[in-house]
Amino acid sequence: KMPVDYSGTWDIVSNVNFEGYMVALGVDFATRKIASMLKPQKVIEQDGDCFTIKTFTSFRNYELSFRIGEEFKEVTKGMDNRTCQTMVNWENDKLVCVQKGAKKNRGWTHWLEEDQLHLLPVSVSDQCFVKFRNH
């Protein structure tokens with residue numbers, strides 16, 4: 001079957017416990033203060049199993065390109081500046097990312113529900129939920 005289509009421009013609509021998530025990632029205080037005020041926008045370009053996910057904020061932009069099932073080296077530059085081996089796979093209609101590196105249990109899950117893009121970042125402790133709406 002065809003994978004679900006994540007393509008679009010997604011604006012943030014809600015963000016629960018982002019502060020706790022950043023603390024768990026070891027993001028410094030000053031960066032957390034800036035980041036907590038940002039209204040990120042995600043632009044997702046999808047061609048079958050090839051993805052480019054661009055996250056735009058007034059502070060920093062971040063771009064991630066990958067093919068489903070292929071491990072690649074990722075540097076989380078401008079975020080918590082980790083270097084990791086990253087792989088994204090389909091789990092049913094969810095995109096599940098696992099990042100292997102110095103810090104354990106890192107990654108994220110994206111899924112679509114009722115016209116919203118959900119993001120569940122994985123960290124050691126604090127759960128954080130982010131929702132985006134396509135515009």
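The values are calculated or read from the model by the stated rules, or taken from the named source; none is laboratory data. Keep in mind the model is a prediction, meaning the values are calculated, not measured. FYI the Cβ positions are ideal-geometry reconstructions off the backbone, even for glycines, and counts take in every protein chain you see. Just the protein is used for accessible areas: all its heavy atoms, side chains included, with ligands, DNA and RNA removed. Shrake-Rupley method; radii C 1.70, N 1.55, O 1.52, S 1.80 Å.
Among the protein heavy atoms of region 1-95, carbon and sulfur supply 52% of the accessible surface, probe 1.4 Å, non-protein parts ignored. Solvent-accessible surface (1.4 Å probe) assigned to I68 amounts to roughly 30 Å².
Taking every protein chain into account, the 1.4 Å probe leaves V27 with about 20 Å² of accessible area, to the nearest ten.
For region 8-134, calculate the relative contact order in percent as a whole number, restricting contacts to Cα pairs under 8 Å that are 6 or more residues apart. Write out the running numbers ahead of the final one.
On the way: 268 pairs, mean separation 32.6, N = 127.
Normalised by residue count, the contact order of region 8-134 is 26 percent.
Projecting the Cα atoms of V13, I34, F66 onto the charge dipole of region 1-76, computed from C-beta unit charges around the Cα centre, puts I34 farthest toward the positive end.
Rounded to the nearest 20 debye, the dipole magnitude of region 73-117 is 600 debye, with +1 charges on Lys and Arg beta carbons, -1 on Asp and Glu beta carbons, and the Cα centre as origin. The slack in the chain from L38 to S14, taken as 0.36 nm per residue of separation less the alpha-carbon distance, amounts to 7.5 nm. Amide hydrogen proximity for S7: with H placed 1.01 Å from N in the peptide plane, the residues at 5 or more positions away or on another chain lying under 5 Å are Q46. Summing Cβ point charges (Lys, Arg +1; Asp, Glu -1) relative to the Cα centre of region 10-117 gives a dipole of roughly 720 debye. Across all directions, the shadow cast by the convex hull of the chain built on its C-alpha atoms averages 7.7 square nanometres. Taking all protein chains together and rolling a 1.4 Å probe, E70 ends up with roughly 100 Å² accessible.
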